[in-house]
Amino acid sequence: MPPLSVVAFMLLAALTLGSAGIVAFSKNIIHSALALLGTFLGIAGLYVTLSADFLAATQVLVYVGGTLTLILFAVMLTSRIEDMKVSNPQGGVAVAFGLIAVALLVLGKVATETNWPSEAKPAVPSTAKLGHAFLGEYLLPFEIGSVVLLAAMIGSVVLARRAVKRAWEKG
């Protein structure tokens, strides 16, 4: 019987790939958006198996908590969404399969040519090293990045408020 880590990886990979297939091939946009949840959670689970706990938590918070919620609100608030039956047109399927084949060939080549380590290293929590780096040698770039993001957020609020004000004055 294979080790538990192999079984966990296979189950998470199946969840991720199966959900991604539903996202890509479902004709209902609601089903596609809900299957995206399975894809994001599968990726977070794969991060956990790699001992990347910070990335797993970020995946859940940012993509499941933020992006997926935004997509679901956009879908639900769109008028006459129930009238739409096809969310993914079937055009370009041959091109898509060609690109997938090329990507899989490249990934297979990389996987077979890479010199992988033969012994497993002990799992070390990634958040401790990341926290020390952000509060140590990378403090200035981290703070500059946060100020830039704050400025972008304030700018987007100002631009959105102007657009709403103009629409209110016209209407």
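The values are calculated or read from the model by the stated rules, or taken from the named source; none is laboratory data. These figures come from a predicted structure and were not determined experimentally. Cβ: placed from backbone, ideal geometry, glycine included. Neighbour counts: every protein chain shown.
With respect to residue 15, is the statement that it is assigned to a helix (DSSP H, G or I), more than 18 Å from residue 127 (Cβ to Cβ) and touching a Ser or Thr at 6+ places or on another chain (Cβ under 9 Å) true? Yes.
Yes/no per residue for (1) without any contact (Cβ under 8 Å) to a residue 60 or more places away in the chain; (2) surrounded by 15 or more Cβ atoms within 10 Å (Cβ to Cβ); (3) more than 21 Å from residue 130 (Cβ to Cβ):
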residue: 38; (1), (2), (3): yes, yes, yes
residue: 49; (1), (2), (3): yes, yes, no
residue: 54; (1), (2), (3): no, yes, no
residue: 59; (1), (2), (3): yes, yes, no
residue: 64; (1), (2), (3): yes, yes, no
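Whenever a residue of the stretch 83-104 is under 28 Å from residue 30 (Cβ atoms) and modelled with pLDDT of 60 or more, it has no partner that is surrounded by fewer than 10 Cβ atoms within 10 Å (Cβ to Cβ) and not aromatic (Phe, Trp, Tyr) lying with C-beta atoms less than 6 angstrom away and at least six residues away or across chains. For the stretch 116-161, a residue qualifies if it is of a type in the set (D, E, K, R), at pLDDT 85 or above and in a loop (DSSP other than H, G, I, E, B), and exactly one does: 137. Exactly one residue out of 20, 33 is among the hydrophobic types (A, V, I, L, M, F, W, C) and at pLDDT 90 or above: that is 20.
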